[in-house]
Amino acid sequence: RRVLVAATAGLAVVAAVLGGVAVGTGADAPVSPSVPPVASSVPRAAERYAMSSGSGLTVDLDVTGTAWGTRFDWGCEYGGRDWGTGSAVLYDLVVVRKDGTDATVASWSASGRRAEGLAAATDVPLASIASVEVRLHGERRALASVAL
């Protein structure tokens, strides 16, 4: 009788564990085809551009179109000039829309011989951007630019 009770209890535990495993793996089952897919927030591959100016400024720019706008990742070299730290030279990254209007996306100050790991974003869709420019802060003239 004790053996029968112990065996029955053991089978009940095994059944409960297997039932839990079945429920847990069922949660990982693929979504039904009748459920519409959610739009991916993963950006498409970045397009790479190189910009340069007569003053020696060079900019490597990655531009990525996203569902919410456009992302920019860049680095630049100041033509061999070392600005040290605390430079008063400020730059702007500016997008020029196809309608001719522009918007400053980012500003940074020169420091050392180069800047790396700079990033910014805008709500302006990539398809609406005619060009990207680097300007001296607050100026209208482009030091370097690239048409998209």
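On the given criteria, is G100 at pLDDT 55 or above, of a type outside the set (D, E), open to solvent by less than 50 Å² (accessible area, probe 1.4 Å) and over 20 Å from the mean Cα position of the chain (by Cα)? The answer is no for G100.
When you check A130 against the structure, is it modelled with pLDDT under 95 and not in a loop (DSSP other than H, G, I, E, B), yes or no? It is false that A130 is modelled with pLDDT under 95 and not in a loop (DSSP other than H, G, I, E, B). For the stretch 67-90, a tally of residues being of a type in the set (V, I, T) and open to solvent by 30 Å² or more (accessible area, probe 1.4 Å) returns 2. Among the residues of the stretch 103-130, those identified as surrounded by 14 or more Cβ atoms within 10 Å (Cβ to Cβ), out of contact with any Asp or Glu (no Cβ under 9 Å at 6 or more places or on another chain) and closer than 20 Å to T58 by Cα are S109, A110, S111.
Against the criterion of being open to solvent by less than 80 Å² (accessible area, probe 1.4 Å), modelled with pLDDT of 95 or more and under 19 Å from A127 (Cβ atoms), V59 does not qualify.
The values are calculated or read from the model by the stated rules, or taken from the named source; none is laboratory data. Values in this document were obtained by computation on a predicted structure and should not be read as measured data. Cβ: placed from backbone, ideal geometry, glycine included. Neighbour counts: every protein chain shown. We work out accessible area using only protein heavy atoms, side chains counted, and drop any ligands, DNA or RNA first. Shrake-Rupley method; radii C 1.70, N 1.55, O 1.52, S 1.80 Å.
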